Amino acid sequence: MALAPTMTDVQTTPALAAADAAAQERQWVSRCRSGDETALACLIARHRSRLVRTATNLLRDRHEAEDVAQEAFLKAFREIAKLRDDRAFSGYLYRICVRLCMDRLRLKRAELVEFDSAQPHSGGAIENRVVIEKILSQLAPELRATIVLREMEQLSYEEVAEVMRVPIGTVRSRLHTARERFRKLWLEAVGE
Amino acid sequence: MRAGRACQRFSRLSSEAEDRDLKPSEHRFLEAHREACPECRETETVAACALNMLRDMSFDDDIEISPTFDERIIRRLKVNTVREGIRYWSPAAVGAGIACVALFAALHVAATPTQMKDADVPGGQVRNSTPRNYPNLELDRIPEFRR
């Protein structure tokens, strides 16, 4: 007599799939260390979307985001000997990508745009997007990265702290400062 | 007008409410200040709206990626591997070249026979020596000077 699937069985299926995926990734990382090109291609295929998406959210330029994502992969594979635990590859790669994005943001000069408060802000969707892009470009790289990772990437405080290699208190403080600055610039932009 | 301490606290808690569960006392403070301060109330509404727009501007996972993305990475890694190989082996290659030149020079010197003295050879005769033409110093023509 076949046993009906229990709640436990249903609940553990996604967990099992995640565990299988993690084990598979560990094998690929291990094979990458010995120069296995197939393993390399598998890791790229698994992580490229997330990396390009994060870089695009941070840099707001898809082509530049692809360049940075490629640089992140290259750096991660060249320095894979520094990675002590194969399970930590995903976080290691993500941290490299965020750090490279912040380096790019520091090199760019923020365009100091004065919002034309004489021109009424109509509140259209496209206009709002343009205003938000401008506001993001005016934030310091650390503040911009913090608010993007929290609000767009939906990372927790702990995850943001791990990616940016700062204490959680610093993340909290930067996030508050970034939101305050964002709010102030938004109010200036809408002319209130 | 500079925000008072209550307004600053309201602003901070309002921001933290996005990320954590506030204590009941903090909730009560926010409610009370929201009713008492129309400026903070309106600013909070506008800020929440702006943050929501920021979140909506997030790109998702089905973002379009160039078809040659993977290939470019692997190609650059291969080029880098060849360059690193050349850099790694070049000192050894230079050392091997120097060693070859030194060996060649040593063999050349060894192949050239040396001049041996008669006194060093048993029987007083030099054997296997290359005959040399000694210059004629004409010592007999040097005058003898007497003191």
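We did not get these values from a lab; they are worked out from the coordinates using the rules stated. Note that the structure is predicted; figures quoted are calculated from it, not measured. Counting neighbours? That spans all protein chains shown, and the Cβs are built from the backbone with ideal geometry, glycine included.
Over all pairs of different C-alpha atoms, the stretch B:1-40 has a mean inverse distance whose reciprocal, the Kirkwood radius, equals 10.3 Å.
In peptide A:179-187, what is the residue-averaged number of other protein chain Cβ atoms found within 10 Å of each Cβ? Counting other chains' Cβ atoms within 10 Å and averaging over A:179-187 gives 5.
In order along the stretch B:46-51, phi translates into HN-Hα couplings of 5, 5, 5, 5, 5, 5 Hz, rounded to whole numbers, per the Karplus curve 6.51 cos²θ - 1.76 cosθ + 1.60 with θ = phi - 60° and x for Gly and Pro. For A:K82, the aspartates and glutamates whose Cα comes closer than 20 Å to its Cα, not counting residues fewer than 8 places off in the same chain, are A:E25, A:D36, A:E37, A:E71, A:E162, B:E84. Each residue of the stretch A:142-157 was assigned a 3J(HN,Hα) from its phi angle through the Karplus expression (A = 6.51, B = -1.76, C = 1.60, θ = phi - 60°), giving 5, 5, 4, 4, 5, 6, 5, 5, 7, 7, 9, 7, 6, 7, 6, 4 Hz with x at Gly and Pro.
Among A:142-148, B:5-11, A:39-45, what's the highest-first ranking by average C-beta atoms within 10 angstrom per residue? Write down the numbers at each step before the final one.
Details: A:142-148: 23.4, B:5-11: 15.4, A:39-45: 18.0.
Per-residue mean Cβ counts within 10 Å order the peptides as A:142-148, A:39-45, B:5-11.
Could you work out the local net charge near A:M164, counting Lys and Arg as +1, Asp and Glu as -1, over the other residues with Cβ closer than 9 Å to its Cβ? Result for the local shell: +2. Partner shielding of B:12-21 amounts to 3, given as the average count of beta-carbon atoms from other chains within 10 Å of each residue beta-carbon.
Give me a single rounded figure for A:162-170: the average over its residues of other chain Cβ atoms within 10 Å of their Cβ. It would help to have the intermediate numbers written out before the result.
On the way: counts 0, 0, 0, 0, 0, 0, 0, 0, 0.
Mean shielding by partner chains, rounded to a whole number: 0.
So, R0 is 41 Å and r is the distance between the beta-carbons of A:Q138 and B:V94; what FRET efficiency does that work out to, to 0.05? Computed FRET efficiency for A:Q138 and B:V94: 0.15. Here the simple spin-label model places points 7 Å from the Cα toward Cβ, and for B:R83 and A:A125 these points are separated by 4.5 nm. Within the same chain, lysines fewer than 8 places from B:K78 are excluded, and of the rest, those with a Cα less than 16 Å from its Cα are A:K75.
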